[in-house]
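The values are calculated or read from the model by the stated rules, or taken from the named source; none is laboratory data. Computed from a prediction, not measured in an experiment: that's the story for all the values here. Positions of Cβ are backbone-derived with ideal geometry, glycine not excepted, and every protein chain shown enters the neighbour counts.
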Amino acid sequence: MEDYEAEWGLIITKPEEVQNIWSTKNPSHGDGEWIKALLYKEALPLDPFTLITNHNIEQVQSYITTFISNTKNMYPSNERADFLEVINQNSPKIETNYYYYHQSKNEGLDTFMAIYNKAENKVYTFEWHQ
C-alpha cells in the first residue's frame, strides 16, 4: 500500500487479500483505470477517511459515477458492456456510515477514491491516471 501513500497520501496497512476488479488492459506510460477491493481481517484506523452521511453522500456518489462514466467511455462499445457487467457485479453500493477518501491532481486528470465498508473490513479503490 506504499503506492497509495506515495501517490495519494493515503496510509493504510497491507490487506489480507487484493481483488482486482478492473484494470486497463494495455496501460501506456502509467495511464489507465483500476478498481480493486482490499480485504482486511481487522478494522482500519478511520483517519484520514471521512464518514459518509446524508449531507455528503450525493457528492461521494458523484465521484464514483464520474469515474464509471469516464472509464466506460474509454472503451469501444463491445468492451463497455464487459466493463459495466463487472461494475454491476462488484462495485459497492454507497451507504451512509461507510467512509471515503478522495484526492485528485493534475487538474482532475488523475483521481483516487477509496470507499471503506467498516462492517465488512473492505476498501474499494478507484484509481484513474490520464
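For the stretch 24-63, a tally of residues being exposed (fewer than 15 other Cβ atoms within 10 Å of the Cβ), modelled with pLDDT of 85 or more and either touching a Pro at 6+ places or on another chain (Cβ under 7 Å) or under 13 Å from Trp128 (Cα atoms) (or both) returns 1.
Return only the number of the condition from (1) surrounded by 12 or more Cβ atoms within 10 Å (Cβ to Cβ); (2) polar (S, T, N, Q); (3) at pLDDT 95 or above that Thr66 does not satisfy. Failed condition: (3).
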